[in-house]
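The structure appears below as structure tokens.
The values are calculated or read from the model by the stated rules, or taken from the named source; none is laboratory data. These numbers come from a predicted model, not from an experiment. Cβ placement follows ideal geometry from the backbone for every residue including glycine, while neighbour counts extend to all protein chains displayed. Just the protein is used for accessible areas: all its heavy atoms, side chains included, with ligands, DNA and RNA removed. Shrake-Rupley method; radii C 1.70, N 1.55, O 1.52, S 1.80 Å.
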Amino acid sequence: MLLLLMVAAAAATLRLCPLARAQPLCRTHTVRTGKVFHTRQRIQGDRLYFSSMTTRLIKHPCKKNVALYLGRQVFLTTDNFESSLLPFSIPTSMQVGTPKVTSAHFAGPVLLLVLNQKVYIYDYEVNSWNASVGIKHPVSHLSGDNCCYSEHPSCMDISNSVFAYLHGDQVSEANIYFSDSCGYTFQKFAYERQAELAGSLGGVFYFHSLSQVGLLLIDQGKAMFCYSHHPVNHSFGLPFDYNGTLDILITPGQKGILIFWFEKSLLVSWNAGQLVDPVEVKEGRQIVYSSLSEAKVTIHTVAANENELAVLTQENHLYYGNLGVLSRSLVKFADQNIWSQEAALMFTNVGMLEILTPLPDSVFLAFDFQKCPVNIQAILMDPKLQVDVCKVELLQGEFENKMYTIDMNSALELTALMIPRPGMSPVPLVMVSNPHSLGLQAVIYEDGYTYDGNTKHRLNISLMQQHHWGRADPNFTSSIRRPTMSTITVDIANKEISCVDLKPLTALVSVGCDLEKKIVIQNEITACYNGILDPVALQDNYSYVIERDAYDPNFWGQKATRDLVVHYHYEQLGCPHLVYYDTPWKPVVELWRGGKFKEVVEAEYVLLEVNGLFTYTYSLTAGTAFCTAQPQNWTTILEHAGDKGLFAWDRENYVSCHTDDNKAPLRWPDVPYQILGGPTDNKVVFDQRNGMYIFFLSIVDPHYRRAPSSCSRGPSC
């Protein structure tokens, strides 16, 4: 019999379940290393300390042994605190003033710290410090994420992206900074409609799971998120109570799970802040408190990994739960004397939690560490806890923890295997974190039996850009012009908390540029083949001169003041294509993938000579190209290019002059029509000049399957 398949996107309410246990929660041991001999130790620089009275322990999501402890002392470890450590310090030469840490974040290979309202970078691999460049106003907080799926550029971009801001600023006037270089350089971030927003700033976050930048707005004890892009930028997230200053934790894995907490409150969102729910307290099946604030406990610290959550309170309560789909209840373990002002929590592995406390030494400056490891699975097996047995023996998929790319008109097929316990009927769930961008269809069926007679269930999942499924309203889907991301997760509905080792299956999907594809310009007749140029000479540091009357370095078509010497990169460009000036030229553009030819590109594309040569035009005008609206051109595009340069004209901002979407009236029909391909037979027409042209080519048709832009080999006349 087929199992019921559910596709869900709504968040449920998290529950805390106080339960009793008689056995010790954990047994402590002390890590003490390097203290056999009485060597003189010194702390170099200014000793750092954390601004809060509660502790934080930040683990690097990708480098599992790297972590930062924040308390009255600050410690940085690269071995999971398996050795004694000196308190973390910053060289006095950095001149930070008061060495108080207000925020910290691991950005790829470096650690970022906010000290005295400025951002500093510590590269722990080479032991070097730097001050960030570009921030002109005081900041107090950092936010970012880390992608651990692959070294794909889209994944690396996630790790490199960081926001810096001053918490509590009026949103309309807040100075927000963004870095795409792991925090080394920042630029002012312009948030559309920011001047219209009311309230104070509670945070700025890049929700990669939803491909949105979210601003947390706080106003009169309520908070809500607003988002940057269509379609969720037309409304706010649902408001929630904001009492105290909430610490916001983005869990690893880009699944959109956020944890909000301070001493008297714990809130969770499973969809990047669109819905934020209070944590309920439950005894058995009865809800005792509708929120943790009613439970009269004081939260000391919180820890989370991709799928698990732990909470330690000053009352020596320890709560544990999983962050799976629709299985979001927590259990309370037995009270034990585990809390201290310096205690912190961290997950060392799946189902392995550690309570960590730094211990000062009366002789040595280096601190030891008291560890109290909690084996979650062993504790949950105690029948006194009355935890239901896990209904699933196996949940498996080859796509787990991998990254995929879907470009225009392509699909992705994934499979998963589920084996339930005999007599059990668990319900599998398939979810995407960004349904506006990524659509799915899933089918489940019986696929044989195991050796011991259990039924195997196979889950086939089809993924495609939501726009092309044709089942969603256009007001629901993301723009097909904008590259986006989404995670896909396969989990079990209402999964028992005893399923500690049964992790959800998660993969990251980039709906964007497939880097295995490339554009190649057909080059059958070259200047080398005809003996005009020598390939050996081209490889021997070859250069040529562009006369001042023929180019403009600013691409405005104005003559330069001096000649330009260009060094020819043969390894990148090869031998130039040969074209005669009196023959209009249209490059034959080919699409290749993985070293194999796919097709000749017929989509619309644009060219720009990279050195600013303007001694060419086009065979068609706006009128002869039958434009119904004024076409775009490089002059107008570059006016608003900012620092994009050659990359300014792309599929995101291209508007065809042959569609009803272009409302610009056709006022100048005689201007050159600068788009090639598509419905016209437009060509490049060269002036009577001998020389080389190196063109940048970009496909701008938003409906064509994506391929990276490239430089084409310019003609030699």
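Observations, loosely collected:
- Any hit, the range 544-556, residues being outside any helix (DSSP H, G or I), modelled with pLDDT of 95 or more, open to solvent by 100 Å² or more (accessible area, probe 1.4 Å) and in contact with a helix residue (DSSP H, G or I) (Cβ under 8 Å, 6 or more places away or on another chain): no
- In a residue-by-residue description of the range 244-263, the property of being of a type in the set (Lys, Arg), free of Cβ contacts under 8 Å to residues at least 40 places away in the same chain and either open to solvent by less than 20 Å² (accessible area, probe 1.4 Å) or within 27 Å of residue 348 (Cα to Cα) (or both) applies to no position.
- Which listed residue is assigned to a strand (DSSP E or B) and open to solvent by 20 Å² or more (accessible area, probe 1.4 Å), from 113, 57, 68: 57
- When residues of the range 402-435 are limited to those that are part of a loop (DSSP other than H, G, I, E, B) and either β-branched (Val, Ile, Thr) or under 11 Å from residue 511 (Cα atoms) (or both), the one modelled with the highest pLDDT: 434
- If you go through the range 264-301 and pick out every residue that is modelled with pLDDT of 95 or more, within 23 Å of residue 316 (Cα to Cα) and not β-branched (Val, Ile, Thr), you end up with 1.
- Within the set 491, 473, 501, 514, the sole residue that is free of Cβ contacts under 8 Å to residues at least 60 places away in the same chain and at negative phi turns out to be 473.
- Scan of the range 87-104 for residues that are open to solvent by 10 Å² or more (accessible area, probe 1.4 Å) and within 16 Å of residue 129 (Cβ to Cβ), ordered by number: 88, 89, 91, 92, 93, 94, 95, 97, 99, 104
- Test for residue 503: is it closer than 30 Å to residue 332 by Cα and open to solvent by 40 Å² or more (accessible area, probe 1.4 Å): yes
- Count of the range 71-86 residues which are of a type outside the set (S, T, N, Q) and either open to solvent by 60 Å² or more (accessible area, probe 1.4 Å) or not in a strand (DSSP E or B) (or both): 6
- Test: residue 522 is open to solvent by 20 Å² or more (accessible area, probe 1.4 Å), under 41 Å from the mean Cα position of the chain (by Cα) and under 17 Å from residue 676 (Cβ atoms): yes
- For the range 426-446, the set of residues classified as surrounded by 15 or more Cβ atoms within 10 Å (Cβ to Cβ) and either touching a helix residue (DSSP H, G or I) at 6+ places or on another chain (Cβ under 8 Å) or charged (D, E, K, R) (or both) consists of 435, 436, 437, 438, 439, listed by residue number.
- Residue 471 vs. criteria within 25 Å of the chain's Cα centre (by Cα), farther than 20 Å from residue 255 by Cα and in a loop (DSSP other than H, G, I, E, B): no
- Qualifying residue in the range 11-22 (condition: assigned to a loop (DSSP other than H, G, I, E, B) and either over 28 Å from residue 313 (Cβ atoms) or modelled with pLDDT of 95 or more (or both)): no
- The set of residues from the range 226-244 being in contact with a helix residue (DSSP H, G or I) (Cβ under 9 Å, 6 or more places away or on another chain) and under 30 Å from residue 482 (Cα atoms) comprises 226, 227.
- Elements of type strands (runs of 3 or more DSSP E) contained in the range 557-667, each with 2 or more residues being surrounded by 15 or more Cβ atoms within 10 Å (Cβ to Cβ): 564-567, 589-593, 605-609, 616-618
- Some residue of the range 37-47 being part of a loop (DSSP other than H, G, I, E, B), farther than 27 Å from residue 180 by Cα, hydrophobic (A, V, I, L, M, F, W, C) and without any contact (Cβ under 8 Å) to a residue 40 or more places away in the chain: yes
- Among the criteria (1) modelled with pLDDT of 95 or more; (2) in contact with a Gly (Cβ under 7 Å, 6 or more places away or on another chain); (3) open to solvent by 20 Å² or more (accessible area, probe 1.4 Å), the one residue 464 does not fulfil is (1).
- Number of the exception - residue 354 against (1) within 17 Å of residue 259 (Cβ to Cβ); (2) of a type in the set (Asp, Glu); (3) touching a Cys at 6+ places or on another chain (Cβ under 9 Å): (1)
- Residues that are farther than 21 Å from residue 390 by Cα and of a type in the set (A, V, I, L, M) were ranked within the range 432-449; the one that is farthest from the chain's Cα centre (by Cα) is 443.
- Residue list for the range 95-115, filter: at pLDDT 95 or above and over 24 Å from the mean Cα position of the chain (by Cα): 99, 100, 101, 115
- Any hit, the range 254-277, residues being on the phi < 0 side of the Ramachandran plot and basic (Lys, Arg): yes
- Out of 123, 180, 169, one residue alone is among the acidic types (Asp, Glu), within 28 Å of residue 506 (Cα to Cα), at pLDDT 95 or above and surrounded by fewer than 22 Cβ atoms within 10 Å (Cβ to Cβ). It is 180.
- All positions within the range 436-468 that are without any contact (Cβ under 8 Å) to a residue 40 or more places away in the chain and either outside any loop (DSSP other than H, G, I, E, B) or at negative phi (or both): 439, 441, 447, 448, 449, 450, 451, 452, 455, 456, 466, 467
- Evaluation of residue 245 against (1) assigned to a strand (DSSP E or B); (2) within 13 Å of residue 167 (Cα to Cα) (one fails), failing number: (1)
- Being without any contact (Cβ under 8 Å) to a residue 24 or more places away in the chain and in a loop (DSSP other than H, G, I, E, B) is a property that residue 236 has.
- Positions within the range 672-703 being part of a loop (DSSP other than H, G, I, E, B), surrounded by fewer than 21 Cβ atoms within 10 Å (Cβ to Cβ), on the phi < 0 side of the Ramachandran plot and at pLDDT 85 or above, in sequence order: 679, 680, 681, 683, 687, 688, 689, 690, 694, 701, 702
- Checked against (1) over 31 Å from the mean Cα position of the chain (by Cα); (2) surrounded by fewer than 17 Cβ atoms within 10 Å (Cβ to Cβ); (3) more than 30 Å from residue 41 (Cα to Cα), residue 350 passes all but condition (1).
- Residue check for residue 478: open to solvent by less than 30 Å² (accessible area, probe 1.4 Å), farther than 17 Å from residue 401 by Cα and assigned to a loop (DSSP other than H, G, I, E, B): yes
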